[in-house]
Structure formats: C-alpha cells, structure tokens
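**Student:** Quick one: the structure is below, and I'll ask about it shortly.
The values are calculated or read from the model by the stated rules, or taken from the named source; none is laboratory data. Model, not experiment: these values are computed from the prediction. Backbone-built Cβ (ideal geometry, glycine too); neighbour counts: all protein chains shown.
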C-alpha cells in the first residue's frame, strides 16, 4: 500500500519515523531514505541503531534548495537518482517490507530527482511493500494512487513568532 504524509505542518518525518519503528518492532525489514536531507537530523542515529532498519541519506544536500547553485543542485540530483536506483533494487529483490521515502515529494516537485524513475517506482510498487512518501505538495499522480493520504496542517507554530528550529524537536 502507498502512504503519503504531506502538508505544511510539523510531523511528516516524525510520522514516517514512527512507522519505521513500529514496523521494525514487528519484525519487518525497513528501508528509510531521506531526500533533501544530509543525515544530520536527530532521528537518524537512533534509526540506524534499530535492527531491521536501513537508513540512506543524501549527504550532498547541505542547504535548502533555494540556496543551492547549479553545481550543488546537480550533485544533489545525482545523489537522489542513485538512491532511487537503490530503492528500485531493494523493492525488486524483496529486501524490505516497508520503504520510506522521506522528503520525496519535495525532491520531485523541485526537479531534484528523475521524475520518470520516481513515478515508475511508485506506480510499480508491489502490494507486498508498504511505500511511504513524505513532503509538501505531493504531485497529483501520487495522490491519485495512494491508499492513505494524511495532510498535516499547522494551526500554531513557534516559527511564526521567530523561534528557530530546535535540535531534537524540529530536527
């Protein structure tokens, strides 16, 4: 089944991390891939320590997309596409029961991923795999085929008062 966690609110990655932990606790094999993130978020170390969870991140992504120059965008795109190839291999070899593609929707919407390959992975994902996509503004193609779609909407957030992201809470 295909899950989407989207919206402008805090908690998309947190929901995906929760699913990874729950799945691993049930003995399922999990692949957790982070697009648009370099692996420095606080949850990554803990996820790596849990048996049954494999983590992959885009180590090339060290800035917000709008701050990247053309060379940085190219490097991030190459890294994302390599991760996509790995995801395809994991899915086709049945090496994971749950595949989480964190910030996948953002990578897709900003053009920092091969869109044809991304769409193919989602469309061709076997029913035996739980595929989780997170990020803002998922493309209609993904929304149309998703089995679950939860939108996280901010009602109130300290950022609107100028409070910066806090380690361990927002990242």
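**Student:** Please go through the range 72-84 and give me each residue that is touching a residue at least 12 places away in the same chain (Cβ under 8 Å) and surrounded by fewer than 22 Cβ atoms within 10 Å (Cβ to Cβ), ordered by number.
**Tutor:** The first filter runs over the range 72-84 and keeps only residues touching a residue at least 12 places away in the same chain (Cβ under 8 Å), leaving 72-73, 75-81, 83-84.
Within the range 72-84, 72, 73, 75, 77, 78, 79, 81, 83, 84 qualify.
**Student:** Would you point out the residue of the range 19-42, among those that are assigned to a helix (DSSP H, G or I) and over 13 Å from the mean Cα position of the chain (by Cα), that is modelled with the lowest pLDDT?
**Tutor:** My answer is 42.
**Student:** Based on what the data block shows, is residue 87 under 21 Å from residue 16 (Cα atoms) and either modelled with pLDDT of 95 or more or within 17 Å of the chain's Cα centre (by Cα) (or both)?
**Tutor:** Judged against the criteria, residue 87 is a match.
**Student:** While we're looking at this one, here's another question. Only residues that are surrounded by fewer than 17 Cβ atoms within 10 Å (Cβ to Cβ), within 25 Å of residue 11 (Cβ to Cβ) and free of Cβ contacts under 8 Å to residues at least 40 places away in the same chain: list them for the range 41-71, please.
**Tutor:** Within the range 41-71, 45, 46, 48, 49, 50, 59, 62, 63, 64, 66, 67 meet the criteria.
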